[in-house]
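Some notes on the structure that comes next.
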Amino acid sequence: LALLPLAGKRVLVTSGPTHEPIDPVRYIANRSSGRQGHAIAEAAAQAGAEVILVSGPVNLPDPHGVKVRHVTTARDMLAAVLAALPVDIAIFAAAVADWRTAEEADAKIKKGAGTMPQFTLIENPDILATVAKGAPRPGLVVGFAAETDTVLDHARAKLERKGCDWIVANDVGKGTGVMGGERNTVHLVSKDGIESWPTMDKTEVARRLVARAAAALRAADPQA
Ligand code: C5P
């Protein structure tokens with residue numbers, strides 16, 4: 001039990017950015033590298049879980065011992081996540097694009113003298129909220145909150161709004177080096193309070209988070 005605390009459990013992890021096409025050559029994206037999400041998937045596999053990793057476009061190898069579903073857009077990611085249910089634990093580390101253009105142009109949008117293309121943006125589905133408020137709900141639902149200011153206030157509000165059990169809050173502001181970097185400084189926010197962890201490698205954040213998730217599942221259902 002101590003060696004493989006997640007044996008027999010199914011764990012879903014999302015990771016990386018999404019790319020939202022504007023036309024055949026352009027897209028909306030963000031600076032997420034997928035390092036933290038991939039590390040979580042690998043740590044869960046090492047803890048004995050059956051792991052499904054739904055990854056946006058990243059420059060990382062697939063982690064060992066993990067089933068990987070490669071997706072591009074937020075809509076693809078939602079579909080792959082819903083197809084992976086039911087799971088015992090779901091950890092949403094992906095930096096899903098908040099918006100996409102209302103229409104994807106079939107041909108490359110041409111530069112015109114003095115005229116700028118105008119785009120209408122529409123909201124992408126919120127994958128975390130859909131799963132946290134839907135059925136079958138995983139036993140433990142964990143979201144990430146990448147913020148550049150008032151990190152903890154935002155995290156508490158997000159816990160409520162999204163209906164998840166924990167938020168892992170991190171400051172990705174300028175100069176922190178978190179986005180794309182090897183290390184992370186996180187705060188684990190739950191209804192019971194906030195726990196601030198020291199700065200550590202993303203692989204260590206992943207191992208601790210997986211250990212905590214396994215302990216929470218056991219506490220909720222000691223027979224399982
Ligand atoms: O609201 P915000 O995007 O900051 O919330 C971040 C959390 O929500 C992350 O866990 C992220 O993976 C998840 N999320 C999602 N689908 C979205 C937006 C965010 O799953 N469309």
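Across segment 125-216, Cα-Cα distances exceeding 19 Å account for 41% of all pairs.
For the chain, the longest principal axis of the C-alpha atoms and the axis of helix 74-84 are separated by about 30°. Between D192 and D62, the modelled labels are 3.6 nm apart [label points 7 Å from Cα along Cα→Cβ].
Just flag the trypsin sites (Lys or Arg not before Pro) in segment 22-63 sitting in loop per DSSP whose Cβ has no more than 16 other Cβ atoms within 10 Å. Spell out each step's value before the answer.
On the way: sites: R26, R31, R35; in loops: R31.
Loop-located and lightly packed - R31.
Counting each DSSP H run of 4 or more residues in the chain as -39500 (n - 2.57), what helix-only mean residue ellipticity at 222 nm follows after dividing by all residues, to the nearest 500 deg cm²/dmol? Only helices count here, giving -8500 deg cm²/dmol.
Summarising the strand pairing of the chain, around 40 percent of its internal DSSP beta bridges are antiparallel.
Would you kindly work out the equivalent ellipsoid of segment 12-56 from its C-alpha gyration tensor and give its semi-axes, the square roots of five times the eigenvalues, largest first in whole Å? Before the final figure, lay out the partial values.
Details: eigenvalues 152, 19, 5 Å².
The three semi-axes for segment 12-56 are 28, 10, 5 Å.
Put the Cα centre of segment 35-106 next to the Cα centre of segment 162-198 and the gap is 19 Å. Set against the 2.2 N^0.38 Å expectation for a compact globular protein, the chain has a Cα radius of gyration ratio of 1.05. Take the chain with all the other protein chains still there, run a 1.4 Å probe, and you get 53 Å² of accessible area per residue. The distance between label points at R137 and I122 comes to 2.9 nm (points 7 Å beyond Cα on the Cα→Cβ vector). Where Lys and Arg each count +1 and Asp and Glu each count -1, what net charge lies around E204 among other residues with Cβ under 14 Å from its Cβ? Summing Lys/Arg as +1 and Asp/Glu as -1 gives +3.
Mind checking segment 89-154 for trypsin sites (Lys or Arg not before Pro) that DSSP puts in a loop (not H, G, I, E or B) and that have at most 15 other Cβ atoms within 10 Å? Mind showing how you got there, number by number?
On the way: sites: R100, K108, K110, K111, K133; in loops: K108, K110, K111.
Hits after loop and neighbour filter: K108, K110, K111.
Listed values for segment 206-215 are Karplus-derived 3J(HN,Hα) couplings in whole Hz (6.51 cos²θ - 1.76 cosθ + 1.60, θ = phi - 60°), namely 4, 4, 5, 5, 5, 5, 5, 5, 4, 5, and x replaces Gly and Pro.
The values are calculated or read from the model by the stated rules, or taken from the named source; none is laboratory data. A quick note: this is a predicted structure, and the numbers were derived from the prediction, not measured. Here Cβ is always computed from backbone atoms with ideal geometry, including for glycine, and neighbour counts include all displayed protein chains. When the accessible area is computed, the model is the full protein with side chains, heavy atoms only, and any ligands, DNA or RNA have been set aside. Shrake-Rupley method; radii C 1.70, N 1.55, O 1.52, S 1.80 Å.
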